[in-house]
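Written out below as structure tokens is the structure these notes cover.
The values are calculated or read from the model by the stated rules, or taken from the named source; none is laboratory data. These numbers were taken from a predicted model, which means no experiment stands behind them. Virtual Cβ from ideal backbone geometry, glycine too; neighbours counted across all protein chains shown. Accessible surface is based on the protein model in full, side chains and every heavy atom, while ligands, DNA and RNA are left aside. Shrake-Rupley method; radii C 1.70, N 1.55, O 1.52, S 1.80 Å.
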Amino acid sequence: MDSLLRWGIENSSPPVAGAPPPVRRTDLDSAIIDHILGKPDAVLMKEALAIAVDDTQSEDDRVRALDNIEMFVESIDNANDLAKLQMWRPLHDLLSSPSSSPAIVTQTLWVIGTALQNNPSAQISYLSLEPIPILLSFIKPETASASTRSKAVYALSGLLKLNAAAVRALGDEGWANLRVALEDSDIKMRRKVAFLLNTLLLQTDEPSAATASPQIVHANSHASMLSDPSAASTSALALRALKDNGVLDSVISGLVDFVPFGADGDGNEDLQFEETCIRIVHTYSVSCEAPLTEEQKAKMAGFLRQDRRDEQGASERWGLVAEELGDLREKVGLSRA
């Protein structure tokens, strides 16, 4: 901007009384203007996409182009421009293109996940492409590397969070895939999937029709959520899936019968995964007031009875306050103390 101001001063002269109005110059080189002002983000995004989808470009150049797009869509305005610029379809098609290497697929999933974060408008646009089956295909150990699986969960999480329509589209197959992922050899995958499950289970503050105050809904990224708060409520759907699709059983089994992880299978404990699984059971049984089966109670009671306390105590170890731990103990048939 300083360069533009300096150029304007140097190439202007003070007005002369009675002189004709200045004539607009037409000989300015647009490349020079772009160099001074910089191209708009939309133009740069389109140029990067052109490189990303061009199979004559090197893998490094295509990955670098996608990395640039990912940085652009960290801005919610740029993420919304993916629909306006008709970029969602070519981005999604990269996931199944024969010319897409694993590195390109991984970087594409990263772009998609970032664009979807906390953005209902982008969620609606991307969901229209019915992307869930292909996203699920990348969380299977036999089909993708650990880094690709991780980015697939990232993209899937961005699509599912606070998005009831996407959770409904997940279907039985989707819940089955998430259940299997709770035993992934990569502990990071287990953590991410467990965190996603708890997030979907959490209840949102949804005003009832009788008490909701009328409000003006402006056209923006969250317009759909504001006009219909139920569109963001995933708790009931997740609650049903955890019960009917055996997901809660898998959460408890993953906690109680922990599967070692790592290349050599020498990882026998992970506090973060443990804490999230306990939080899921707490959210399910205490916050959502859903009953546990006798088998689930017995497994959880046996786990909580174990002397797993450190100097800070079990509740702090598991990220629960003492009252929360007491509530959970009661739900599984133990005393609060």
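Any residue in region 153-162 that is among the basic types (Lys, Arg) and buried (at least 24 other Cβ atoms within 10 Å of the Cβ)?
Within region 153-162, the first condition is being among the basic types (Lys, Arg), and the residues that meet it are 161.
Imposing the further condition that a residue be buried (at least 24 other Cβ atoms within 10 Å of the Cβ) reduces the set to none.
Scanning region 153-162, I find no residue that is among the basic types (Lys, Arg) and buried (at least 24 other Cβ atoms within 10 Å of the Cβ), so the answer is no.
Rundown of residues vs (1) surrounded by fewer than 20 Cβ atoms within 10 Å (Cβ to Cβ); (2) among the acidic types (Asp, Glu); (3) at pLDDT below 95, yes/no style:
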{"residue": "Asn220", "(1), (2), (3)": "yes, no, yes"}
{"residue": "Ala223", "(1), (2), (3)": "yes, no, yes"}
{"residue": "Asp228", "(1), (2), (3)": "yes, yes, yes"}
{"residue": "Ile252", "(1), (2), (3)": "no, no, no"}
{"residue": "Asp264", "(1), (2), (3)": "yes, yes, yes"}
{"residue": "Pro291", "(1), (2), (3)": "yes, no, no"}
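For region 126-208, list the helices (runs of 4 or more DSSP H) that sit wholly inside it and hold at least 1 residues that are within 25 Å of Ala83 (Cα to Cα) and of a type outside the set (Gly, Ala, Ser); which are they?
Numbers: elements: 132-137, 146-160, 164-181, 187-201.
Fully inside region 126-208 and qualifying: 132-137, 146-160, 164-181.
Please tell me if Ala115 is open to solvent by less than 10 Å² (accessible area, probe 1.4 Å), within 22 Å of Val247 (Cα to Cα) and in a helix (DSSP H, G or I).
Numbers: open to solvent by less than 10 Å² (accessible area, probe 1.4 Å): yes; within 22 Å of Val247 (Cα to Cα): no; in a helix (DSSP H, G or I): yes.
So Ala115 fails the test.
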